[in-house]
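Quick notes on the structure that follows.
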């Protein structure tokens, strides 16, 4: 474990985790966070010189095309869903992931600015995800040239979108990557890592799940993908930290997908915080994780015989 990770985890435990406990406690706080997120989109954040950002528009939402340099394969695409608990963040906040994924996958990344709560519902976010995927197909991208990825709530959206695509008879993408996916929105107490997680308070994650599933069947696979049948889905890579409160549901997705015949690469990184690849500017472990993703995608591109079905700890 790097000294950078030790220092950052200590900082998170003393600042971000208490802030999360206060934020995810009242609907007004969520609405306020969503408004702050909209204002933050007006702030211009410097990007590396080789990165280009181009706005994209869809029927009900927007997004941006992110290119991490020259010489990318424009016939291919990676569709990315950012995290943020379905109430905060945007493609802008996750550019440190999306431009690196563009470099890793050697293709443009379409980062979707899908609709979120508290104004919109999970079904609206899923509709936006499917609309963006359909847009890529209509633009002429072959399904085997598309990768889908997301982190946290975006990992949930990735899994739900894959299940919905299959059930609707849509051609499936070549592979999917989930970073610290939030996969179980049933009303379960999260006892594992509730004290070790330096960022997410387990009780507040449970509170947020109750809010987003109000009026829904929380065991519906499109609401809690961990309860889905993954038969027929493309190769899947799951990356999580060993001390996350969401770790066990990531494990359960990997186990269930394997049982349903899906090729799975599951990586559990020792003591890494939630969605640690977003910290690649400061964490050497995060930069290494992108190299692991590159190997996974290279194996997928080489065909089923080379695709990895493995569990790794780092």
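Here is the figure for region 98-130: residues that are within 26 Å of residue 245 (Cβ to Cβ) and in contact with a strand residue (DSSP E or B) (Cβ under 7 Å, 6 or more places away or on another chain) total 7. Filter region 249-273 down to the residues that are within 16 Å of the chain's Cα centre (by Cα) and more than 22 Å from residue 101 (Cα to Cα) and list them by number. Result: 249, 251, 253. Tell me whether region 236-246 contains one or more residues that are in a helix (DSSP H, G or I) and buried (at least 24 other Cβ atoms within 10 Å of the Cβ). Scanning region 236-246 turns up no residue that is in a helix (DSSP H, G or I) and buried (at least 24 other Cβ atoms within 10 Å of the Cβ). Note on region 266-314: among residues that are out of contact with any helix residue (DSSP H, G or I) (no Cβ under 9 Å at 6 or more places or on another chain) and in a strand (DSSP E or B), the one that is modelled with the highest pLDDT is 310.
Restricting attention to region 133-187, the residues that are over 17 Å from the mean Cα position of the chain (by Cα) and not in a helix (DSSP H, G or I) total 11. The criterion of at least 2 residues that are at pLDDT 90 or above is met, among helices (runs of 4 or more DSSP H) falling completely within region 1-85, by 3-14. Per the listing 112, 126, the residue uniquely over 16 Å from residue 278 (Cβ atoms), touching a helix residue (DSSP H, G or I) at 6+ places or on another chain (Cβ under 6 Å) and part of a helix (DSSP H, G or I) is 126.
The values are calculated or read from the model by the stated rules, or taken from the named source; none is laboratory data. These figures come from a predicted structure and were not determined experimentally. Neighbour counts run over all protein chains shown; Cβ positions are idealised from the backbone, glycine included.
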